[in-house]
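Worksheet: the structure to be examined is printed underneath.
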Amino acid sequence: MHGVDANAPPTKGPDAGSRFRGFHEVSIPDTGQRIACAPGENILRAMERLNLRLIPVGCRGGGCGVCRIRVRCGKYVTRRMSRIHVSAADEAAGIALACCLMPQGDLEIEVLGSGTSNPMSTVNPLQG
Ligand code: FES
């Protein structure tokens, strides 16, 4: 039988390889969970829209720092983030606030937030 499987991942274009047509796939390899994030939508909002509880939620506006994540791979943009919660070294290491981060393609992330803000946190160069 010939035809196009509407549920098959696209093989061309910006969604190539993604299971979420028209969305960016945000995967958390440590838990095997995924979030379908609409273009322009931040990760925390997408997670809440899907009624998932994968990343700690606080102020939703970049003010508390509980939603810290590290992007392992993939392209993204962020809104301006407070240096109290994400230092320049953190940002260079892929650390960001999920409520301020909009994927530009599929991402792999690691959840760092534990429900409390840690403004003194820095990147340990020995942990890569
Ligand atoms: S939820 Fe408070 S900084 Fe993201």
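The values are calculated or read from the model by the stated rules, or taken from the named source; none is laboratory data. Quick caveat: nothing in here was measured; it's all calculated off a predicted structure. Ideal geometry is used to build each Cβ from the backbone, glycine not excepted, and the neighbour counts take in all protein chains shown.
Observations on the model:
- Among the residues of segment 37-58, those identified as more than 10 Å from the chain's Cα centre (by Cα) and either aliphatic (A, V, I, L, M) or over 16 Å from L112 (Cα atoms) (or both) are A38, P39, G40, E41, R45, E48, R49, L50, N51, L52, L54, V57.
- Search result, residues across segment 101-128 that are modelled with pLDDT of 95 or more and over 14 Å from P56 (Cβ atoms): L101, M102, P103, Q104, G105, D106, L107, E108
- Being loosely packed, with under 14 Cβ neighbours inside 10 Å, among the β-branched types (V, I, T) and free of Cβ contacts under 8 Å to residues at least 60 places away in the same chain is a description that does not apply to V86.
- For segment 67-81, the tally of residues that are closer than 15 Å to V111 by Cα and of a type in the set (D, E, K, R) stands at 3.
- Scanning segment 54-103 for residues that are small (G, A, S), within 14 Å of the ligand (Cβ to nearest atom), out of contact with any Ser or Thr (no Cβ under 8 Å at 6 or more places or on another chain) and within 19 Å of P39 (Cβ to Cβ) yields a single hit, A98.
- Pairing residues of segment 19-31 that are more than 12 Å from R70 (Cα to Cα) with residues that are of a type in the set (S, T, N, Q) and in a loop (DSSP other than H, G, I, E, B), at Cβ distances under 6 Å and at least 6 apart in sequence or on separate chains, gives E25/S18.
- Just one of the numbered conditions (1) under 10 Å from the mean Cα position of the chain (by Cα); (2) surrounded by 21 or more Cβ atoms within 10 Å (Cβ to Cβ) is not true of V66: (1).
- Residues of segment 47-66 that turn out to be within 16 Å of V111 (Cα to Cα) and not in a loop (DSSP other than H, G, I, E, B), as a count: 2
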